[in-house]
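K.L.:
Next up is a structure, given as structure tokens.
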Amino acid sequence: TIEEKKGALQNQNILWIGDGNNVSRSWVEASTLTNLQITLCTPRELSLPIKFIEKSIAKGANITIDYEPGSAIHNKDVIVTDTWSSMGDNSVNKENSLKSYQVNKELMKKARKDAVFMHCLPAHRNEEATSSVMDGESSVIFDEAENRLHVQKAIMRWCLSK
């Protein structure tokens, strides 16, 4: 989706904002494999384990850590978030730690003018992102969902042909 909307992955400055969860871990691993420029912006208490980040950097990941959403979003081409409560995650009061990490119009104004917003869905509207961002001009969440569908079909085809 990023390449479709913005061009080569390596030319994009990507921001992960929100919980340090399985999806943010996947972005870090993708940076290790493809040299993505990614900034992680999470509350300190919800960040990915520092040893994991250090190992990823040692393997070639291009990662910056910035705990402040207002500064982390500057000059970003792609803004990515995910739900604050993943399946099976029973963390208490996690939402309180994440409130200032909500992607909203004011925060998006600090990104590049042509920045895109991504979310792997399903989303909790007005929690990790406001409806105005999810439904706004910068949102590519439904293109992202469509592209994921095609990838999943290709994986099923590959599995069935074995």
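K.L.:
Considering Leu121, Leu149, Leu160, Leu107, which residue is of a type in the set (A, V, I, L, M) and in contact with a Pro (Cβ under 9 Å, 6 or more places away or on another chain)?
P.N.:
Leu107
K.L.:
Of all residues in region 32-71, how many are touching a Cys at 6+ places or on another chain (Cβ under 6 Å) and either closer than 21 Å to Lys5 by Cβ or surrounded by fewer than 18 Cβ atoms within 10 Å (Cβ to Cβ) (or both)?
P.N.:
1
K.L.:
Given the criteria open to solvent by 20 Å² or more (accessible area, probe 1.4 Å), closer than 23 Å to Leu9 by Cβ and out of contact with any Gly (no Cβ under 8 Å at 6 or more places or on another chain), does Leu160 qualify?
P.N.:
Spelling it out, it is not the case that Leu160 is open to solvent by 20 Å² or more (accessible area, probe 1.4 Å), closer than 23 Å to Leu9 by Cβ and out of contact with any Gly (no Cβ under 8 Å at 6 or more places or on another chain).
K.L.:
Looking at region 116-143 only, could you name the residues that are in contact (Cβ under 8 Å) with a residue 12 or more places away in the chain, touching a strand residue (DSSP E or B) at 6+ places or on another chain (Cβ under 6 Å) and either of a type in the set (S, T, N, Q) or in a helix (DSSP H, G or I) (or both)?
P.N.:
Answer for region 116-143, where residues must be in contact (Cβ under 8 Å) with a residue 12 or more places away in the chain, touching a strand residue (DSSP E or B) at 6+ places or on another chain (Cβ under 6 Å) and either of a type in the set (S, T, N, Q) or in a helix (DSSP H, G or I) (or both): Val133, Ser138, Ser139, Ile141.
K.L.:
Here is a follow-up. Going through region 104-122 one residue at a time, which ones are over 18 Å from Cys41 (Cβ atoms) and open to solvent by less than 100 Å² (accessible area, probe 1.4 Å)?
P.N.:
Selection gives Asp114, Leu121.
K.L.:
Here is a check on your reading of the model: is Lys113 outside any loop (DSSP other than H, G, I, E, B) and either basic (Lys, Arg) or touching a Gly at 6+ places or on another chain (Cβ under 6 Å) (or both)?
P.N.:
no
K.L.:
Still on this structure: What helices (runs of 4 or more DSSP H) lie completely within region 1-106 and have 1 or more residues being closer than 17 Å to Ile141 by Cα and either without any contact (Cβ under 8 Å) to a residue 12 or more places away in the chain or aliphatic (A, V, I, L, M) (or both)?
P.N.:
Helices (runs of 4 or more DSSP H) meeting the threshold: 2-6, 22-34.
K.L.:
Return yes when Glu146 is open to solvent by 90 Å² or more (accessible area, probe 1.4 Å), within 17 Å of Thr1 (Cβ to Cβ), free of Cβ contacts under 8 Å to residues at least 12 places away in the same chain and in a loop (DSSP other than H, G, I, E, B) and no when it is not.
P.N.:
In short, no.
The values are calculated or read from the model by the stated rules, or taken from the named source; none is laboratory data. None of these values were measured; they are calculated from a predicted model. We place every Cβ from the backbone using ideal geometry, glycine too, and count neighbours over all the protein chains shown. All accessible areas refer to the heavy atoms of the entire protein, side chains included, with ligands and DNA or RNA removed. Shrake-Rupley method; radii C 1.70, N 1.55, O 1.52, S 1.80 Å.
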